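Enquirer: Below is a structure I'd like to ask you about.
None of the figures in this text is laboratory data; all of them are computed from the coordinates on show. Quick caveat: nothing in here was measured; it's all calculated off a predicted structure. Heads up, the Cβs are rebuilt from the backbone with ideal geometry, glycines too, and the neighbour counts pull from every protein chain shown.
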Amino acid sequence: MSRFTEFNVFHAKTRIPNIDSVGSINEFDTKYFDKSFLSKFHLDKVRATEMEKMMDNTSPRTKNKSQKDIITYATHECHRNWSQQMCSKMMMTFAEQLPTVELLANWERSIKRLVPKNWRKKFHQSFQSYMDDTKELYLEQMHELGVKSIVSSDFDWKNFEESHFKFYGRTINRPKYLHNRRKLATKYFHSHKLIKNIFLQAHSLLPDFICEIEKYREMGFLESNQFFEDVEADIKNEASAIKNSYYTNIVSLVTTKKYVKDIPSHLLPGFLQRASKLMIFQIISNLMNSMKHTLDVLDNWLCRPLFKFHLKCENHDLFIIPEKHEFFSRFHVLLDKIAHSGLFFIPLESYIESKADNEFISAILPEWYMQESYERLDATLKRLWESLDTYIMELRKKFAVIFNAEMRKEIAVFVDGDHNFKSCVDKLEEYNKYIQEIDDLAENEYLTIGQIYLGDAKMQLKEYARMTREHIIQELLKRNRKFNQKICHAFEEVQERILNIPNKTKELLELGEFLTYATSTFMEDMREKINTTLFKMVSFIDISTLSVDDIELNKETVNWISKIKPIFDQSSSMYEQKKFELEEQLQNKIVNLNNQIDSTFSKQVLFYLSK
């Protein structure tokens, strides 16, 4: 179907037919219209009469029909099978599934235009992240609004009910209450001006807190002794202010007769006794608030004071000064100082020439409150000290081999044992690394509780490490010294033997064999040993400073290589000379022996022939 055909079909029924145009009003002749009799003809009365007749006929019928409908109308009751809670739950489920309109595009553009364009480009990722968060928040709020518009939230009218005694004059018992209050006031004087002044001057003259330790935060890292001395001085000053200001003012009111002249004389001692207790209660409340404030400050990491600790390494142990038990006990003493700031007040009844039951009254805090304060203080201090313990345990574990007595004994056993030179040098390198790690430690370490000064501990740890290192070096030097002395002694023995030329052939032959051994095997062994001692000497130069005796001994040991050569030459020459002499002696002996044999043989021949 073409588009034109569709247009004709669609508009066939909706097209308005052409209507003849309305004639112009100017076509009517006004004068003629005025003269016409129809101009004065009205149908209002006729129409009204017809309407009345029609209503008279219709009204009774309609009334009767309505009455019949009312009589025949049957009411129907609706029985629910589901509980109200179930229905509310299902409505909430369906409401949660409803779609939510997201942030409109024009709203999003308006929000983006609030941020300069160059900032949007420069911080594109952050800006887009904020926009996504905004869209998500908008979607959550709109979804919540839609759900609440469908399912009403729980509403409890009891929260808006006014109690009978909440506002002035709400009950009929108020006049009776006022009458009883007046009777109590005339008997117990609760509204007496002295009582009021005890309350008022407690607020105006008593300090807010006995000690304000948060002010010490601004002073930086404090030595613990100085901190506790300053705080105890503050507590002492405030305690004296309580007595010299608040207590003195109350006493001056009691001694002024106009404040107590309206009290009957037989009731005055009891009244002042209760006033004394009320005054003491105000002081106790102030002390309790001060103690609570102190504990709150210690719990608050933003305003609690910071302490300076010193790390020490003494008596083969690594520890903190002040030590844990000392630090905790000083804080316990601090709480005790606060608790005992209200001791020894003279009762008020003693100032009116009346015998008091007690010579002194004291503002003593309850034991249960002190116990709770101690427990809270211990918990807070343990939590603060935990970082110190962790740090010290790490240092102890790391450097125990340096300062621990048992570890040092193991090192001594290792040094005294039969270990080769390389193992000992490796042990020295290990201690060199420890010394480097100690040097790398900062002078001050900062934790949640304060600052730890490591300077003294670093010096002592390095001293322990140097002592152990020096012990190993001295033991190595001692071994090397013995080793060099053995080499020199061996050369000296060879020198003594090869220069002592024997006169006997057998011994000379043995000497010749020894010379052969000395110039070959012995010299090779000595060269290896001298190379070893040269290597050790170079290592000693890197790790320590050699003494003059050690240098001379090493020089003497090395010089034996060149020193022994002329001795060998001299010995060889002497050996050859002695060998030649012995050979000549042997030849002479052979000649003499031959001569003797010939002579003897001739004699024997002659003797035989003579027979």
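Enquirer: Determine the sum of side-chain charges near L511: Lys and Arg each +1, Asp and Glu each -1, restricted to other residues whose C-beta is under 11 angstrom from that of L511.
Expert: That works out to +2.
Enquirer: Taking the alpha-carbon set of segment 391-473, what are its Rg and Dmax in Å?
Expert: 14.4, 49
Enquirer: Hey, how much of the P(r) for segment 553-611 falls beyond 16 Å, as a percent of Cα pairs?
Expert: The share of Cα pairs beyond 16 Å in segment 553-611 comes to 68 percent.
Enquirer: I've got another one for you. If the limit is 30 Å between Cα atoms, which of K397/K427; K529/K578; K277/K382; K398/K555; K506/K536 go over it?
Expert: Listed pairs above 30 Å: K529/K578; K277/K382; K398/K555; K506/K536.
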